[in-house]
Amino acid sequence: GYEIGAKAELFGGNLLLTAATFRVDRQNVLTPDPNNSGFSLAAGAVRSQGFELTAQGQLSPELKILAGYVYADAVVTKDNVLPVGAPLINVPRHSGSLLAVYEVQGGDWKGFGIGGGVRGVGERPGDAAGSGFVLPAYIAADALAYYRYENMRFGLNVENIFNTVYYESSLNVFRVYPGSPRRITGSFTVRF
């Protein structure tokens, strides 16, 4: 495989932008057997190629962002069972995310942070048989809040705020794995 990329730092290093194009050729990648759903087979050869864009930055002393986008074209290039050119199962052409976090820098609320983001995954093949079965695209929203005091941090994360129904992956039309429903997680961290 190979990857070619570029990085740029803007605003005195407060914003980092990266772009990369990639191509990876692999052999003997396991994929579900289209003729026997309980088994996998090694595809002769597969290729994944595309590009990735990311941005991360401290836009102000209070505001941080992290964003990314990936375009991937992943297909079978040689096989005795799977058709050449068939897309690889569970690999979306388009996926991306955006997260923004605001943290108070002074006063009584110093160390309090709040943020939110979205993640999206495009439509993707749901089986290796080339039946046309696809997993639908989805967008899910997440939120977070925390408070940092000296070496302690209290946090609360809410994943999939709107309880969006989505499908993470599948083996075939009969075996589909749903994504996580709304999940609330609390944390307490002490650094020594």
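Looking for something more than 24 Å from PHE154 (Cα to Cα) and charged (D, E, K, R) - is there at least one such residue anywhere in the stretch 55-67? No; the residues of the stretch 55-67 include none that is more than 24 Å from PHE154 (Cα to Cα) and charged (D, E, K, R). Would you confirm, using the coordinates I've provided, whether VAL118 is in a strand (DSSP E or B), open to solvent by less than 30 Å² (accessible area, probe 1.4 Å), modelled with pLDDT of 90 or more and not small (Gly, Ala, Ser)? Considered against the rule, which asks whether it is in a strand (DSSP E or B), open to solvent by less than 30 Å² (accessible area, probe 1.4 Å), modelled with pLDDT of 90 or more and not small (Gly, Ala, Ser), VAL118 comes out as no.
Filter the stretch 121-137 down to the residues that are open to solvent by 50 Å² or more (accessible area, probe 1.4 Å) and part of a strand (DSSP E or B) and list them by number. Scanning the stretch 121-137 gives a single hit, VAL134. Can you name the residue in the stretch 144-153 that is touching a strand residue (DSSP E or B) at 6+ places or on another chain (Cβ under 9 Å) and surrounded by fewer than 15 Cβ atoms within 10 Å (Cβ to Cβ) and is also nearest to THR185 (Cα to Cα) among such residues? Per the criteria, the residue is MET152. Within the stretch 138-173, the set of residues being assigned to a loop (DSSP other than H, G, I, E, B) and closer than 14 Å to ILE89 by Cα comprises VAL173 only. Of the residues that sit in the stretch 174-192 and are in a strand (DSSP E or B) and touching a Ser or Thr at 6+ places or on another chain (Cβ under 9 Å), which one is least open to solvent (accessible area, probe 1.4 Å)? Ranking the qualifying residues of the stretch 174-192, first place goes to VAL176.
Quick grid of which residues meet (1) buried (at least 17 other Cβ atoms within 10 Å of the Cβ); (2) under 28 Å from GLU9 (Cα atoms); (3) not aromatic (Phe, Trp, Tyr):
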residue	(1), (2), (3)
SER60	no, yes, yes
THR77	no, no, yes
PRO92	yes, no, yes
TYR102	no, yes, no
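Consider the stretch 94-127 and keep the residues that are among the basic types (Lys, Arg) and over 18 Å from VAL29 (Cβ atoms). The one that is nearest to the chain's Cα centre (by Cα) is ARG119.
The values are calculated or read from the model by the stated rules, or taken from the named source; none is laboratory data. The structure displayed is predicted, hence computed values, not measured ones. Here the Cβ is made from the backbone with ideal geometry for all residues, glycine too, and neighbour counts use every protein chain on show. Heavy atoms of the whole protein, side chains included, go into the accessibility calculation; ligands, DNA and RNA do not. Shrake-Rupley method; radii C 1.70, N 1.55, O 1.52, S 1.80 Å.
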